[in-house]
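Below is one structure, written out as structure tokens; comments come after it.
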Amino acid sequence: MRSSPLSIAYIVRDPLPPRRADVLTLFGAELPRHGVHAELVGQADADGAGRHDTGSMHVVGSLGSRFAALLSPLWDLLGLLRAWRRTRPGCIQVRDKIASACLAWLAARLLGLPFVYWMSFPIVEGFEVRRDAIGRRGRGALWLAHALRAAASRLLLYRLVLPRADHVFVQSEAMRAWLAGRGIDAARMTAVPMGVDSALFERSAIPPSADPRLDGRRVLVYLGSVAQSRQSGFLLDVALLLRARMPEVLLVIAGDAPSPDEMAWMRREIASLQLGEHVLLTGWLPQREALGYALRAEVGLSPIPRGTLFDVSSPTKLVEYLALGIPSVANDIPDQALVLEESGAGLCVPMQAEAFADATLRLLGDPALAARLAARGPPWVRTNRSYDILGRKVAQAYSAICPPCGPTH
């Protein structure tokens, strides 16, 4: 892909070492095959502080703590300087960090390097949702702090960082169109949706779950986080409707919550609706074990709330279902609608409990239809959403952003 290797100093928001596939797999395994290597900069978990290698990525992390998080822009700048001394990168990139992006942009200009921003989430709008949630409980000092953070973040991201970035990677084509509507040049943006590692999602290499609670049931699966902000109670509304029409249905929710309070909320909801025999909430599982549950499922569910925060997202779970050959029911956020339209591997319906229940029963009651949809998923994913395909696309973008001749040092 490149005639000479490229090193990227990459400031990330998530704790190090990375766990997200779009960092770990894309930058650790796929991009190095195209001559693109990443030097990750950020705050490390307690057992991940310092410098070490993760696959083909080098990690420069300071110890994570509340104090370190408060000063993270300065820690990131120090990490950037360490990365500069180590590799003389040809590009500086920041993911989902606004204050750090401002400092990194200034450093890039001083060093004569391209500056790239990777936007995986509308973080300003997320700050505003948090501000408004606090405001509903009263406008005290905490609300004021969040209001100031949201206002400053909006000004910095949309007036400084994005307009002045040499390139912006975004989560979906919907996010690209949304930012273009805010005045960001569409020609300087590349959409990189979520994908899967084809080798990890090879169905024949995954042992199905041996959990006896699944025996004799019509199993459905939801892979993903449980949270009130994601309207996870919707899954229980669907389960209630299905229980009334097909009592042998069992919905497996294989995922954790962002906090113990959220998980406790979900367990209370299941108990109050008397769904204990029809909903299995596993909590966090290792990926291979979670996929084992998915292999026992006849249908995969992917409801994602509509609205600014999620309409521009690229959910992983739907692509995972398709990669495993599981026919799916998903609602109509733009990326999911696009995936199902192109692949023909599932049913796209509004996020309404009746619509989800009807679509699920249609698949459970028509084995021939379910088999046709299941067969379409794996080849479409291999061609469109595997990380080897996405890696090639991102490497091509870097070739345009950072020509192989690179900067002069």
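Along the Cα→Cβ direction, 7 angstrom out, place labels at residue 274 and residue 125. What is the inter-label distance in nm? Going from the residue 274 label point to the residue 125 one covers 4.0 nm.
Please report the relative contact order for the range 182-289, taking Cα pairs under 8 Å with a sequence separation of at least 6, and give it as a percent rounded to a whole number. About 28 percent, as a whole number. Phi-derived couplings, Karplus 6.51 cos²θ - 1.76 cosθ + 1.60 at θ = phi - 60°, listed residue by residue for the range 311-318: 4, 9, 7, 9, x, 7, 4, 5 Hz, with x used for Gly and Pro. I need the calculated FRET efficiency for the pair residue 383 and residue 351, taking r as the beta carbon distance and R₀ as 41 Å, to the nearest 0.05. E between residue 383 and residue 351, to the nearest 0.05, is 0.90. Surface exposure of the chain, expressed per residue as accessible area with a 1.4 Å probe, stands at 43 Å². For residue 299, the amide hydrogen comes within under 5 Å of the amide hydrogens of 221, counting only partners 5 or more places away or on other chains and with H modelled in the peptide plane. Whole-Hz Karplus values for the range 366-375 come out as 10, x, 5, 4, 4, 5, 4, 5, 4, 5 Hz, taken residue by residue from phi with 6.51 cos²θ - 1.76 cosθ + 1.60 and θ = phi - 60°; glycine and proline positions read x.
Computed with a 1.4 Å probe on the full set of protein chains, the accessible area for residue 393 sits at about 80 Å².
Simple spin-label estimate for residue 85 and residue 151 gives 4.0 nm between the two label positions (7 Å along the Cα-to-Cβ direction from each Cα). Computed on the Cα trace of the chain, the radius of gyration divided by the Kirkwood hydrodynamic radius gives Rg/Rh = 0.98. Rounded to the nearest 0.05, the FRET efficiency derived from the C-beta distance between residue 4 and residue 308 at R0 = 45 Å is 0.65. Here the extension length gained between residue 132 and residue 244 equals 36.5 nm, from 0.36 nm per residue of separation less the Cα-Cα distance. Packing, taken as the mean count of other beta carbons within 10 Å per residue, orders the peptides 201-210, 175-184 from highest to lowest as 175-184, 201-210. Once C-alpha pairs closer than 8 Å and six or more residues apart are averaged by separation and normalised to the residue number of the chain, the relative contact order reads 16 percent.
One compactness figure for the range 202-351 is 0.99, namely its Cα radius of gyration divided by 2.2 N^0.38 Å. Taking label points 7 Å from Cα along the Cα-to-Cβ direction, residue 282 and residue 228 give a separation of 2.7 nm. Computed on the range 315-409, with alpha-carbon pairs under 8 angstrom and 6+ residues apart, the relative contact order is 29 percent. Derived scalar couplings between HN and Hα for the range 112-126 equal x, 10, x, 10, 10, 10, 10, 10, 9, 7, x, 5, 4, 5, x Hz in order, rounded to whole Hz, by the Karplus curve 6.51 cos²θ - 1.76 cosθ + 1.60 (θ = phi - 60°), x for Gly and Pro. Under the convention that each Lys and Arg Cβ holds +1 and each Asp and Glu Cβ holds -1, the size of the dipole of the range 201-311 around its Cα centre is about 200 debye.
Backbone amide hydrogens, once placed in the peptide plane, bring residue 227 within less than 5 Å of 232, excluding anything fewer than 5 places away on its chain.
Atom-type composition of the exposed protein surface of the range 304-409 places 54 percent of the accessible area on carbon and sulfur (1.4 angstrom probe).
Evaluated at q = 0.27 Å⁻¹, a Debye calculation over the C-alpha positions of the range 141-197 (equal weights, vacuum) places log10 I(q)/I(0) at -1.02. Projecting the Cα atoms of 225, 191, 281 onto the dipole axis of the range 176-305, where Lys and Arg carry +1 and Asp and Glu carry -1 at the beta carbon, places 191 farthest toward the positive end. One quarter of the surface of the convex hull around the alpha-carbon atoms of the range 314-409 equals 7.6 nm², the direction-averaged projected area. Annotation: amide H-H contacts under 5 Å for residue 41 (H modelled 1.01 Å from N, sequence separation of 5 or more, or interchain): 10, 11, 12, 60.
Length gained on full extension, residue 371 to residue 14: 124.7 nm, using 0.36 nm per residue less the C-alpha separation. For the chain, a crude dipole built from +1 on the beta carbon of Lys and Arg and -1 on the beta carbon of Asp and Glu, taken about the Cα centre, is about 1180 debye to the nearest 20. Geometric descriptor of the range 128-257, per residue, is 191 Å³ (volume of the convex hull of the Cα atoms).
The values are calculated or read from the model by the stated rules, or taken from the named source; none is laboratory data. Bear in mind that the values here come from a model prediction, so they are computed numbers and not experimental data. No Cβ is skipped: glycine too gets one built from the backbone with ideal geometry, and neighbour counts run over all protein chains shown. Surface areas here come from the heavy atoms of the whole protein model, side chains and all, with no ligands, DNA or RNA. Shrake-Rupley method; radii C 1.70, N 1.55, O 1.52, S 1.80 Å.
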